[in-house]
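J.: Below you'll find the structure I mean.
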Amino acid sequence: MTTSSELLDLSPVMPVVVLDEAEAAPDVARALLAGGIRTIELTLRTPAALAAIEKVATQVPDIVVGAGTVTTPEQAAQAVDAGAAFLVTPGTTDALLDAVTGTGLPFLPGAATVSEAMRLAERGIDTLKFFPAEASGGSAALKAFAGPLPHLTFCPTGGISVTNAPEYLALSSVGCVGGSWLTPKEAVVARDFATIETLAKEAATLGG
């Protein structure tokens, strides 16, 4: 099983994908994979999300599929049942942290402040999601985090684009970034998987 830290090594960009139709999920995953992206975070923001995770897990086994926007213990359990290989939370409560830890899957718990990051570190967690990244101070904030917390590694997500991603990836504390720009809604709706593959190829070269 991939560890949380190894998740960040799969690709410089972790696609954060919102799908309204589960049927599109396998083709989206294949397009990302063809572009050199080896992981996909399907967010639990739509009714189609769990079915989408299941389709990717069974039909595109070469990509590592995870569930994002996990906000309740129930969602963590449902994501596991759907076949998710990892979990991502936007923030962290005690109940949610206990639940995701209990699944046995690698996970990226969300933190936006030094105190939140320290609290997770107290629980033995050294690989975190920094969210919402741009709204929480951006790459400058993460650079400041590294002073007192040099042992932590982050996947910043939220407001990140192909333009500012290199600023984050240049930081030693950043393993990868999360971004939604790889799978534009209009491209998914139009089944324009060639565009997604092109964006994935571009993203795969970032931070190199």
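J.: Which pairs have Cβ atoms under 8 Å, sit 6 or more apart or on different chains, and link a residue in the range 7-23 that is closer than 16 Å to Val88 by Cα to one that is modelled with pLDDT under 95?
T.: Close Cβ pairs (under 8 Å, with a partner that is modelled with pLDDT under 95) amount to Leu10/Thr2.
J.: Out of contact with any Cys (no Cβ under 6 Å at 6 or more places or on another chain), touching a residue at least 24 places away in the same chain (Cβ under 8 Å), closer than 16 Å to Val70 by Cβ and outside any loop (DSSP other than H, G, I, E, B): does that describe Leu97?
T.: yes
J.: Among the numbered criteria (1) without any contact (Cβ under 8 Å) to a residue 60 or more places away in the chain; (2) surrounded by 13 or more Cβ atoms within 10 Å (Cβ to Cβ); (3) part of a loop (DSSP other than H, G, I, E, B), which single criterion is violated by Tyr168?
T.: Among (1) without any contact (Cβ under 8 Å) to a residue 60 or more places away in the chain; (2) surrounded by 13 or more Cβ atoms within 10 Å (Cβ to Cβ); (3) part of a loop (DSSP other than H, G, I, E, B), Tyr168 violates only (3).
J.: Here is a further query. Step by step: first the residues of the range 105-154, then only those that are part of a loop (DSSP other than H, G, I, E, B) and free of Cβ contacts under 8 Å to residues at least 12 places away in the same chain, then the one that is surrounded by the most Cβ atoms within 10 Å (Cβ to Cβ). Which residue is that?
T.: Filtering the range 105-154 for residues that are part of a loop (DSSP other than H, G, I, E, B) and free of Cβ contacts under 8 Å to residues at least 12 places away in the same chain, the one surrounded by the most Cβ atoms within 10 Å (Cβ to Cβ) comes out as Gly137.
J.: Does the range 21-37 contain any residue that is surrounded by 22 or more Cβ atoms within 10 Å (Cβ to Cβ) and in contact with a Gly (Cβ under 9 Å, 6 or more places away or on another chain)?
T.: For the range 21-37, residues surrounded by 22 or more Cβ atoms within 10 Å (Cβ to Cβ) and in contact with a Gly (Cβ under 9 Å, 6 or more places away or on another chain): absent.
J.: Next question, about the same structure. Could you run through the range 161-181 and say how many residues are among the aromatic types (Phe, Trp, Tyr) and within 14 Å of the chain's Cα centre (by Cα)?
T.: Residues in the range 161-181 being among the aromatic types (Phe, Trp, Tyr) and within 14 Å of the chain's Cα centre (by Cα): 1 in total.
J.: Can you tell me which residue in the range 1-54 is farthest from Glu197 (Cα to Cα), limited to those that are among the charged types (D, E, K, R) and not in a loop (DSSP other than H, G, I, E, B)?
T.: Within the range 1-54, the match that is farthest from Glu197 (Cα to Cα) is Glu6.
J.: Please name all residue pairs, on different chains or six or more residues apart, with Cβ atoms under 7 Å, provided the first residue is in the range 177-204 and is farther than 13 Å from Ala29 by Cα and the second residue is of a type in the set (Asp, Glu) and crowded, with 16+ Cβ neighbours inside 10 Å.
T.: Gly178/Glu41
J.: I've got another one for you. Residues in the range 158-173: is at least one within 19 Å of Val13 (Cα to Cα) and charged (D, E, K, R)?
T.: yes
J.: Restricting attention to the range 155-165, and to residues there that are of a type in the set (Ser, Thr, Tyr) and surrounded by fewer than 17 Cβ atoms within 10 Å (Cβ to Cβ), which single residue is farthest from Gly124 (Cα to Cα)?
T.: Within the range 155-165, the match that is farthest from Gly124 (Cα to Cα) is Thr163.
J.: Mind listing whichever residues of the range 194-208 are out of contact with any helix residue (DSSP H, G or I) (no Cβ under 6 Å at 6 or more places or on another chain) and either within 19 Å of Gly175 (Cβ to Cβ) or not small (Gly, Ala, Ser) (or both)? Step through it out loud before you land on a result.
T.: Step one: list which residues in the range 194-208 are out of contact with any helix residue (DSSP H, G or I) (no Cβ under 6 Å at 6 or more places or on another chain), which gives 194, 198-199, 201-205, 208.
Hits for the range 194-208 are Thr198, Leu199, Lys201, Glu202, Ala203, Ala204, Thr205, Gly208.
J.: List, please: which pairs have Cβ atoms under 6 Å, are six or more places apart or on different chains, and start with a residue in the range 59-85 that is over 22 Å from Ala31 (Cβ atoms) and end with one that is part of a loop (DSSP other than H, G, I, E, B) and among the aliphatic types (A, V, I, L, M)?
T.: Gln75/Leu44; Ala76/Val70
The values are calculated or read from the model by the stated rules, or taken from the named source; none is laboratory data. No experiment lies behind these values; they were computed from the predicted model shown. All Cβ positions, even for glycine, are placed from backbone atoms using ideal geometry, and neighbour counts span all protein chains on display.
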